[in-house]
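For reference, the structure discussed in these notes is given below.
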Amino acid sequence: MMNVLVVGGAGYIGSHCVRQLVAAGHRPVVLDNLVFGHRAAVASDIAFYNADLGDPVAVSQILRDESIELVMHFAAFAYVGESVTEPRKYYENNFVATLRLLEAMLDNGVKKFVFSSTCATYGEPQSLPIVETLPQAPINPYGQTKLDVENCLKAFAHAYGLSFAAFRYFNAAGAAEDGSIGEDHSPETHLIPLVIDAATGRREHIKIFGTDYDTPDGTCLRDYVHVDDLSRAHIAVFEKLERPGAAHFYNLGTGRPNSVREIIAAVEAVTGLKVPVVEDARRAGDPPALYADSRKAQDELGWKIKFTEVQAIIETAWRWHQANPEGFKGPN
Ligand code: UDP
């Protein structure tokens, strides 16, 4: 049993990880400033602190009071387009605040860290599927700030004996199987929730960003991976962090790419509803195809992908949507 501080534990992936930690017998403690997180995404019997990860006084106090042994960090801004127009925000939140968090950890002798990184650190990959050893060359400030943290972690592992794992997520999707928590971003930019909204009529249509890509049906290929599968990898990595200075990088994706059109067809199949579609221009900065080789996580962590089919992922998202069509109600 470990006492785990989950930074961003009221957000989409963090809140699912909190539940997986409880299921695995650990004690999660949540820190979230509720800018994007939802208080209702965290059960009321979990210790919850409304604080900023970049506030070393608050963080130090929590680390000591709760006898924290390991920190997971999910709290980042993640709008790629906004990162291009407002990079200050991204360097401040995603890099500077993370540095403050790491300093508070080191000052309090907490030396195990699990970090949410992204396939956006690879930029336009030289080959597919993407293996961890490919060169990293992000094409936007979002991906760059994540890569900057990865590099900072490497140096801290070497110099200060910090042990860490950085998980490079592909497209996180789906919701808790019981439909109790799920994806609720404001604004929402992700494909699956937007297609569901188009199916139910909450939105007029879904725009397909680009139909002339060099892919089988002309639309972009992405690797959609269930949030609970992502979460389980974060827990499976704990034993790898026992060695001081351990530095691990893992891709997390199913390795099965799906096109935008396939996602729309799968939503129609799951919901039984017709999705109105508008074909639109390419979105700037979208690589044609991104999918993972995640054999490293499977071999080293015994990571098993439960949701191997995108339709099963969409079924969980649909269950959540039906139970909570307005998402988490009330203020964050
Ligand atoms: N996409 C789309 N219409 C939308 C939103 C997304 O065609 O309204 C496409 C987008 O171009 C990408 C894929 O769906 O190829 C997944 O986009 P999302 O924003 O969900 O995740 P990303 O891959 O950008 O992290």
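The values are calculated or read from the model by the stated rules, or taken from the named source; none is laboratory data. Note that the structure is predicted; figures quoted are calculated from it, not measured. Virtual Cβ from ideal backbone geometry, glycine too; neighbours counted across all protein chains shown. With ligands, DNA and RNA removed, areas are computed over all heavy atoms of the protein, side chains included. Shrake-Rupley method; radii C 1.70, N 1.55, O 1.52, S 1.80 Å.
For region 273-300, what are the residues that are touching a Pro at 6+ places or on another chain (Cβ under 9 Å) and either among the aliphatic types (A, V, I, L, M) or within 12 Å of the ligand (Cβ to nearest atom) (or both)? Result: Pro287, Ala289, Leu290, Tyr291, Ala292.
Can you spot a residue in region 199-220 that is within 9 Å of the ligand (Cβ to nearest atom), buried (at least 19 other Cβ atoms within 10 Å of the Cβ) and outside any loop (DSSP other than H, G, I, E, B)? Yes, region 199-220 contains at least one residue that is within 9 Å of the ligand (Cβ to nearest atom), buried (at least 19 other Cβ atoms within 10 Å of the Cβ) and outside any loop (DSSP other than H, G, I, E, B). Residues in region 149-164 that are open to solvent by 50 Å² or more (accessible area, probe 1.4 Å) and in contact (Cβ under 8 Å) with a residue 24 or more places away in the chain: Lys154, His158, Tyr160. Would you check if there is a residue in region 240-254 being among the polar types (S, T, N, Q), within 15 Å of the ligand (Cβ to nearest atom) and over 24 Å from Gln20 (Cβ atoms)? No. Evaluate the following for Ala175: is it assigned to a loop (DSSP other than H, G, I, E, B), surrounded by 22 or more Cβ atoms within 10 Å (Cβ to Cβ), touching a helix residue (DSSP H, G or I) at 6+ places or on another chain (Cβ under 7 Å) and not polar (S, T, N, Q)? In short, yes. On inspection, Asp229 passes the criterion of being assigned to a helix (DSSP H, G or I) and away from the ligand (no atom under 16 Å from the Cβ).
Among the residues making up region 178-198, those that are part of a loop (DSSP other than H, G, I, E, B) and open to solvent by 20 Å² or more (accessible area, probe 1.4 Å) are Asp178, Ser180, Glu183, Asp184, His185, Ser186, Pro187, Glu188, Thr189, His190. The criterion of at least 1 residues that are among the small types (Gly, Ala, Ser) and open to solvent by 20 Å² or more (accessible area, probe 1.4 Å) is met by the following helices (runs of 4 or more DSSP H) wholly inside region 234-329: 260-271, 310-323.
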